[in-house]
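Q: Input: one structure, supplied below.
Read the figures in this text as sums done on the coordinates, not as results from a lab. Computed from a prediction, not measured in an experiment: that's the story for all the values here. We place every Cβ from the backbone using ideal geometry, glycine too, and count neighbours over all the protein chains shown.
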Amino acid sequence: MQACVRSYDAIGRFGGEEFLILLPGCDSSAAAERTDQIRAAIAHPPMETDSGPLKITMSLGGVATGNWPDEPPNQLLQMADAALYRAKEEGRNRIVMAGEAEHEEVHHPTLELSSHGPQKK
């Protein structure tokens, strides 16, 4: 991933299998284009293993801060996370940029009823 970004971009591990990539100065379109380039670079060529080639895929959720200038960083991260889960639900190995659905989810989470009572979804 580091080889795919500009010298002033930043990449870091954000969770067990999650990474956070900061792309300063990118609007939603440019961020989607850059992240798709990263996704494609990771997928090609397949990694050679003792068991044969291993195809690597990557799902990305992104948020362009310019689209949501008044959102605090924590909510921007929640929106990016919601976009990531949508990318996985839509078939994986794709980019989803946060939009109104993710913005709404962060501000008005739905409640799911279970035997343990209401839980935020």
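Q: Return the residues of the range 27-50 that are in a strand (DSSP E or B) and either within 19 Å of R86 (Cα to Cα) or touching a residue at least 40 places away in the same chain (Cβ under 8 Å) (or both); say none if nothing qualifies.
A: Of the range 27-50, the ones in a strand (DSSP E or B) are 47-49.
None; the set is empty.
Q: Filter the range 55-64 for residues that are β-branched (V, I, T) and surrounded by fewer than 17 Cβ atoms within 10 Å (Cβ to Cβ); which is nearest to C26 (Cα to Cα)?
A: T57
Q: Working carefully through the options P53, P24, find the one that is part of a loop (DSSP other than H, G, I, E, B) and not small (G, A, S).
A: Checking each option against the conditions leaves just P24.
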